[in-house]
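**Student:** My questions all concern the structure below.
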Amino acid sequence: MEPLYEYAWLIPVFPLLGATLVGLGLIAFNQQVNRLRQLNAVFILSTIGGSLVMAIALLWSQLQGHEAFLRSIEWASAGDFHLSMGYTIDHLSALMMVIVTTVAFLVMIYTDGYMSHDESYVRFYTYLSLFSSSMLGLVVSPNLVQIYIFWELVGMCSYLLIGFWYDRRPAADACQKAFVTNRVGDFGLLLGMLALYWCTGSFEFDIMGSRLTDLVESGALSAGFATLFAVLVFLGPVAKSAQFPLHVWLPDAMEGPTPISALIHAATMVAAGVFLIARMFPVFEDLPGVMNIIAWTGALTAFMGATIAITQNDIKKGLAYSTISQLGYMVMAMGVGAYGAGLFHLMTHAYFKAMLFLGSGSVIHGMEEVVGHTPVLAQDMRLMGGLRKYMPITSTTFLIGTLAICGIPPFAGFWSKDEILAQSFEANPALWFVGWLTAGITAFYMFRMYFSTFEGEFRGTDATIREQLLAAAEVPTTEVPAFGPGAMDPHELEHGHGDHHHSSEPHESPLTMTFPLMALAVPSVLIGLVGTPFNNIFEEFVHAPGEVVEAAEHGFDWAEFLIMGGSSVGIGLIGISLAILMYLQRKIDPGMIVEKIKTLYNFSLNKWYFDDLYDTAFVQGSRRLARQVMEVDFRIVDGAVNFTGFATLLSGESLKYFENGRAQFYALIVFGAVLGFVVVSGLTG
Amino acid sequence: MAFPWLTTTILLPVAAALLLPIIPDKGGKTVRWYSLTVGLVNFAILIYAFYTQYDFSQPGLQLVESYTWIDQLDLKWSVGVDGLSMPLVLLTGFITTLATLAAWPVTLKPKLFYFLLLCMYGGQIAVFAVQDMLLFFLVWELELIPVYLLLSIWGGKRRLYAATKFILYTAGGSLFILLASLTMAFYGDTVTFDMAALAAKPYGQTLQLFLYAGFFIAYAVKLPIFPLHTWLPDAHGEATAPVHMLLAGILLKMGGYALIRMNAGMLPDAHAVFAPVLVILGIVNIVYAALTSFAQRNLKRKIAYSSISHMGFVLIGIASFTDLGMSGAVLQMVSHGLIGASLFFLVGATYDRTHTLMLDEMGGVGQRMPRIFSMFTVCSLASLALPGMSGFVAELTIFLGFSTSDAYSLDFKVFVVILAAVGVILTPIYLLSMLREIFYGPENQELTSHEKLVDAEPREVFIIACLMLPILGIGLYPKSLTEIYDATTHSLTSRLRASVPTLVAQKEQSKSDALTAATAAIAPKLPTLTR
């Protein structure tokens, strides 16, 4: 078994190698490499495949009880300071590697179908591979600095992939927004990291944790400061995992191609925040203030995400808010100390949400045949409906995902969400109530999405709705033509606009796209069974460092399970029934309800007005401040120094008449000044 | 006596430059190959000399040469390098050679252009290598002339204004160097210009402060430090790409180098007093310049302000009184030399195609120039301190060095670190919005209608690849660079720390603590011994 651990560093290196080789090829021999589309894809798939095999082998070995493995080299040093980098293989990292590699592998297969018409097919694979490498590097990091490094790198990959279709203005804005918002979080993470290093002298998680606890206990550091430092670190996950109030980038990030929405913005990168909280658990767990902040941030985010998701019409935006909401659950779980439950939900969510996103991509792919490559039309649920007929595989898998996220047993989401709710009830019933209510809203909006997309009549050919949507979309974007270069092939429009999207009905996507859907459906149904409360293998395997697994001993309480599980299933069913009444049977008219609660509706539709608020406060504010500073620089600073120079020149000019030449004059000044210095120093020194 | 490696590398380019006028040339083709060869040969000599002669573990000067020049003045031609100057000398060789390659399209008076480039080559190495104060002043001044000419002949529309401003600012600053160094030379019993001897003279506290202030003004102009920075955006706004590379890559580093060598190295007592000022100015540089850069609509000025912002970190590192901080300051200089040169080169390359520097007149050019787009993206990411590249390591070490520094109170450190970290947020804002405005979005029809936007040629890709190699190398494994100068910065820092009163007091304290602890540890054992 040892060689496997010795060479475990290859897991992140394989995809890096793939990305580097293909990337260099793209730079050096652009046209030739671009022509070998599927060859490159197969190459990159095989590198991630290699990582996948190794990751599974490592997980197996860890399940067999192999002890944790750590290897590091000295990376930077100055004087007495030493910083090492390396990799660690323990239960958590082995699990995360398997999640990342499986989802990445399936998403890469899917990409072949989804991006088949895109000119930049090879570039997309390169970025995907680079991302996988960074993400794998993140999960094996043994210390906080290394996590920070890869944290930034996955952020960069996310930036590149959101801005993948760089000729589309919304994509350009979204990628910048994502990067900058994440930098705000990283600002906190960096400060927290520095502060923790200052007081503990280490970047290792458990050493930081134990030393910080000692410092607080001995009174050398006030608990307030310790809490502040930890909250600063938590800002990192707040941005990366799209928690309130830094969640604003994630919905916009949907401007990127759908495969990356599934991989980065649902399954892996956004979960990195939860992963970091898990790694930082030794530091956080003894600071009740931080744990409370984490828990309430998560609960608020879960609720907010769900309430916004209700009114979204863009299928991807709806799923994005649902992701925010589900991430809120995970963070809340971490905050109440439900370490295992939070990571369990991370795993189940990674599979079913990746599947939902890929499903939405498949829907968009099908819709584009009918409405053309216009995201405004192709992603809008008001134009969908009845797709189950045309896309049986997509609709079935989407239904499975919907059931899973709604927490219907025995699908995966039920077990993990129930675990979180049960543990938060123990910690604080108020948190449980928020989570429970959110579960109901989740069921409602997910089935609203499912029904509007797959049931009823197909509305894609309805010209009036189309025109309405286009008109609505044109209002905010004044200079961009609504028929901007489309989702699938930006250059298709240049030759033959509208030639081939006159098909009147959508078709099921090719096998490369449906296969990953079917493959992901399996864990979406079954993976929850490893964490059932009566036989919780998952939590035995993944538990907080230092925590003794007591779940196994303290027996299983059927009554408690039935009450907790029953109540969450109950509210889920209420949500589903409501969705059926409103969107399947149309017994209740949604429009009527909207009229009744116009303010609330608008509040949700406008995403709680966060974007507007941030735009006024930060975007416009910083621009104004920058312009003022520039004015000051130009008029006052430059002006003053120029004026001084001018004045000196003038005085030099006037003095010239008293002297027989400038050179002597300067020499005299120099001499006088030197003399002055010497005299002054002689007197004082 | 050993072979005079440093003198050779200083004089070779200058001598080669003197031969330029007699080289037969048509259309500048021979001249550029000639200059490039000279640059490469000189760079190769540098590498060979350092590889065979330089010992990383020694903190002091190496490859020392000293010849008496003017005996009466005790003026000596003395050169040598230590860990502080050696990386910068290498950087000079590297960047200047690449700048020669970047100057390929220059058609106006090529002979004069390459003549000046080669003169600068030798002059810049000399600035980092000379160990004699008067000589330092001379080469520092001589260095200005080629830059002035390069700006005023090959610059943009307002080149004369920019060149004059440049010469006035820097020459005005140099006056203070002369004043301070003459004072130092004539102080005390002996007249000497040797830097080591000058550093050993026992100046009074007040005089030290005056001297420090004098040097500081001169180097503040060069680095540049707020409020003496305004020449830089003008000079950058008008310069051509190769001159940009030299300005950003090397000339700014001369200020930082001299600040460490003279202000910190020779006047440590004054440094202890001035250090908080340096830190504050460093923050002002970081935040102020970043905001100005964000508001700039002119591409070259934007990057120029980003240079100023990045130089702020150097100041904080110098004033941190920790090994880490000092090491980070040197690292940041080298790193910014590489990143700044690459960014400015790309700005030049973009300008060659769009013929405008105003961001409003660009937009969507990424579609026709994907290679320039990707290179620009990579270099911008390097500049905003993305991990895996050198800028990140430099900024991280400076942050770590300053926040663990024991020379400052906690409140001050918190204040400084938070404000400096604001720069970490601002940098991506202005760099990424710059990228967005140039490359992203739909094509700007007005621009594409009258400009042929051709993608990067292999020469340009090659230059960026050369610059990226060390940027990535240092970013992935920083020890490769820090090892070179660690011994020097360590000895320098310990000397600096010895002149901070609070630190000395702390050390005494901890010594006595250790003593009592030691006796306490021994004490319980005593009974067992007697028993």
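The values are calculated or read from the model by the stated rules, or taken from the named source; none is laboratory data. This is a predicted model, so every value here is computed, not measured. Positions of Cβ are generated from backbone atoms using ideal geometry, with glycine treated the same way; all protein chains shown enter the neighbour counts.
**Student:** Which of the residues spanning region B:463-478 are away from chain A (no Cβ under 11 Å) and among the aromatic types (Phe, Trp, Tyr)?
**Tutor:** The answer is none; no residue qualifies.
**Student:** Could you list all residues from region A:96-125 that are more than 19 Å from the chain's Cα centre (by Cα), surrounded by fewer than 24 Cβ atoms within 10 Å (Cβ to Cβ) and part of a helix (DSSP H, G or I)?
**Tutor:** Correct list: A:Ile109, A:Asp112, A:Gly113, A:Tyr121, A:Arg123.
**Student:** Next question. Please verify whether region A:31-39 includes one or more residues that are within 29 Å of the chain's Cα centre (by Cα) and surrounded by 18 or more Cβ atoms within 10 Å (Cβ to Cβ).
**Tutor:** No, because not a single residue in region A:31-39 is within 29 Å of the chain's Cα centre (by Cα) and surrounded by 18 or more Cβ atoms within 10 Å (Cβ to Cβ).
**Student:** Shifting gears a bit: Go through region A:349-464 and tell me which helices (runs of 4 or more DSSP H), entirely inside it, have 2 or more residues that are among the acidic types (Asp, Glu), in contact (Cβ under 8 Å) with a residue 12 or more places away in the chain and crowded, with 24+ Cβ neighbours inside 10 Å.
**Tutor:** Details: elements: A:375-378, A:387-390, A:392-406, A:412-427, A:429-454.
Output list reads A:412-427.
**Student:** While we're looking at this one, here's another question. Restricting attention to region A:238-247, does a residue exist that is within 14 Å of another protein chain (Cβ to nearest Cβ) and at pLDDT 85 or above?
**Tutor:** Pass one, region A:238-247, residues within 14 Å of another protein chain (Cβ to nearest Cβ): A:239, A:246.
Narrowing the set further to residues that are at pLDDT 85 or above leaves A:239, A:246.
Checked against the condition, which is being within 14 Å of another protein chain (Cβ to nearest Cβ) and at pLDDT 85 or above, region A:238-247 yields at least one hit.
**Student:** Go through region B:25-77 and report how many residues are under 30 Å from B:Phe186 (Cβ atoms) and in a loop (DSSP other than H, G, I, E, B).
**Tutor:** Matching residues across region B:25-77 total 7.
Yes/no matrix, rows are residues, columns are (1) touching a Pro at 6+ places or on another chain (Cβ under 9 Å); (2) small (Gly, Ala, Ser); (3) part of a helix (DSSP H, G or I); (4) facing chain B (nearest Cβ under 9 Å):
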site: A:Gly591; (1), (2), (3), (4): no, yes, yes, no
site: A:Leu600; (1), (2), (3), (4): no, no, yes, no
site: A:Ser622; (1), (2), (3), (4): no, yes, yes, yes
site: A:Val632; (1), (2), (3), (4): no, no, yes, yes
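**Student:** Hey, any hits in region A:67-75 for a residue that's at negative phi, surrounded by fewer than 16 Cβ atoms within 10 Å (Cβ to Cβ) and assigned to a helix (DSSP H, G or I)?
**Tutor:** No.
**Student:** Search region A:578-612 for residues being surrounded by 14 or more Cβ atoms within 10 Å (Cβ to Cβ) and among the small types (Gly, Ala, Ser), and hand back the single one that is nearest to A:Gly456 (Cα to Cα).
**Tutor:** A:Ala579
**Student:** Follow-up. Of the residues that sit in region B:381-426 and are under 19 Å from the mean Cα position of the chain (by Cα) and among the polar types (S, T, N, Q), which one is nearest to B:Leu503 (Cα to Cα)?
**Tutor:** Out of the qualifying residues, it is B:Thr397.
**Student:** So B:Thr230 clears everything in (1) modelled with pLDDT of 90 or more; (2) farther than 30 Å from B:Gly60 by Cβ except one condition, right? Which one?
**Tutor:** (1)
**Student:** Moving to a separate point now. Could we say that A:Leu4 is of a type in the set (A, V, I, L, M), away from chain B (no Cβ under 14 Å), over 22 Å from A:Ser134 (Cα atoms) and surrounded by fewer than 21 Cβ atoms within 10 Å (Cβ to Cβ) here? Write out each step before concluding.
**Tutor:** Numbers: of a type in the set (A, V, I, L, M): yes; away from chain B (no Cβ under 14 Å): yes; over 22 Å from A:Ser134 (Cα atoms): no; surrounded by fewer than 21 Cβ atoms within 10 Å (Cβ to Cβ): yes.
No, not satisfied.
**Student:** Same structure, new question: Test of understanding: among B:Val393, B:Val378, B:Val417, B:Val422, which residue is hydrophobic (A, V, I, L, M, F, W, C) and touching a Pro at 6+ places or on another chain (Cβ under 6 Å)? Steps first, answer last, please.
**Tutor:** Values: B:Val378 fails: touching a Pro at 6+ places or on another chain (Cβ under 6 Å); B:Val417 fails: touching a Pro at 6+ places or on another chain (Cβ under 6 Å); B:Val422 fails: touching a Pro at 6+ places or on another chain (Cβ under 6 Å).
Among B:Val393, B:Val378, B:Val417, B:Val422, only B:Val393 is hydrophobic (A, V, I, L, M, F, W, C) and touching a Pro at 6+ places or on another chain (Cβ under 6 Å).
**Student:** Quick one: which of A:Ser46, A:Ser61, A:Ser93 is under 23 Å from the mean Cα position of the chain (by Cα), away from every other protein chain (no Cβ under 14 Å), part of a helix (DSSP H, G or I) and of a type in the set (Ser, Thr, Tyr)?
**Tutor:** Values: A:Ser46 fails: under 23 Å from the mean Cα position of the chain (by Cα); A:Ser61 fails: under 23 Å from the mean Cα position of the chain (by Cα).
Going through A:Ser46, A:Ser61, A:Ser93 in turn, the sole match is A:Ser93.
**Student:** Scan B:Met326, B:Met358 and give me the residue that is in contact with a strand residue (DSSP E or B) (Cβ under 8 Å, 6 or more places away or on another chain) and crowded, with 24+ Cβ neighbours inside 10 Å. Reasoning before the result, please.
**Tutor:** Numbers: B:Met358 fails: crowded, with 24+ Cβ neighbours inside 10 Å.
Going through B:Met326, B:Met358 in turn, the sole match is B:Met326.
**Student:** Being facing another protein chain (nearest Cβ under 7 Å) and either out of contact with any Gly (no Cβ under 9 Å at 6 or more places or on another chain) or of a type in the set (Asp, Glu) (or both) is the filter here, so list the residues in region A:167-185 that pass it. Outline the logic, then answer.
**Tutor:** Narrowing region A:167-185 to residues facing another protein chain (nearest Cβ under 7 Å): A:167, A:169, A:172, A:176, A:179-180, A:183-184.
Matches in region A:167-185: A:Asp167, A:Val180, A:Val184.
**Student:** Among (1) crowded, with 19+ Cβ neighbours inside 10 Å; (2) more than 10 Å from every other protein chain (Cβ to nearest Cβ); (3) of a type in the set (D, E, K, R), there is one condition B:Glu451 misses while meeting the rest; what is its number?
**Tutor:** Checking B:Glu451 against (1) crowded, with 19+ Cβ neighbours inside 10 Å; (2) more than 10 Å from every other protein chain (Cβ to nearest Cβ); (3) of a type in the set (D, E, K, R), the one that fails is (1).
**Student:** Pick out the one residue from A:Asp206, A:Asp214, A:Asp173, A:Asp167 that is of a type in the set (D, E, K, R) and outside any helix (DSSP H, G or I). Even if it seems obvious, please write down each step before you answer.
**Tutor:** Values: A:Asp206 fails: outside any helix (DSSP H, G or I); A:Asp214 fails: outside any helix (DSSP H, G or I); A:Asp173 fails: outside any helix (DSSP H, G or I).
Residue meeting the stated conditions: A:Asp167.
**Student:** Answer with yes or no whether B:Pro478 is touching a strand residue (DSSP E or B) at 6+ places or on another chain (Cβ under 7 Å), surrounded by 15 or more Cβ atoms within 10 Å (Cβ to Cβ) and under 29 Å from A:Ile27 (Cβ atoms).
**Tutor:** Numbers: touching a strand residue (DSSP E or B) at 6+ places or on another chain (Cβ under 7 Å): yes; surrounded by 15 or more Cβ atoms within 10 Å (Cβ to Cβ): yes; under 29 Å from A:Ile27 (Cβ atoms): yes.
Considered against the rule, which asks whether it is touching a strand residue (DSSP E or B) at 6+ places or on another chain (Cβ under 7 Å), surrounded by 15 or more Cβ atoms within 10 Å (Cβ to Cβ) and under 29 Å from A:Ile27 (Cβ atoms), B:Pro478 comes out as yes.
**Student:** Which numbered condition trips up B:Leu469, out of (1) surrounded by fewer than 15 Cβ atoms within 10 Å (Cβ to Cβ); (2) modelled with pLDDT under 80; (3) assigned to a helix (DSSP H, G or I)?
**Tutor:** B:Leu469 satisfies all of (1) surrounded by fewer than 15 Cβ atoms within 10 Å (Cβ to Cβ); (2) modelled with pLDDT under 80; (3) assigned to a helix (DSSP H, G or I) except (2).
**Student:** Now a separate question. Among the residues of region A:131-153, which ones are in a helix (DSSP H, G or I) and either among the small types (Gly, Ala, Ser) or under 22 Å from B:Phe439 (Cα atoms) (or both)? Break it down into steps so the answer makes sense when it comes.
**Tutor:** Step one: list which residues in region A:131-153 are in a helix (DSSP H, G or I), which gives A:131-139, A:144-153.
Scanning region A:131-153 gives A:Ser132, A:Ser133, A:Ser134, A:Gly137, A:Leu153.
**Student:** If a residue must be buried (at least 18 other Cβ atoms within 10 Å of the Cβ), farther than 17 Å from B:Thr96 by Cβ and away from chain A (no Cβ under 14 Å), how many such residues does region B:149-162 contain?
**Tutor:** 2
**Student:** May I pose another question? Considering only region A:195-237, how many residues are over 21 Å from A:Ala295 (Cβ atoms), away from every other protein chain (no Cβ under 14 Å) and small (Gly, Ala, Ser)?
**Tutor:** Total meeting the criteria: 3.
**Student:** Name every residue in region A:285-303 that is touching a residue at least 60 places away in the same chain (Cβ under 8 Å) and not β-branched (Val, Ile, Thr), in order of residue number.
**Tutor:** Scanning region A:285-303 gives A:Glu285, A:Asp286, A:Leu287, A:Gly289, A:Ala295, A:Trp296, A:Ala299, A:Leu300, A:Ala302, A:Phe303.
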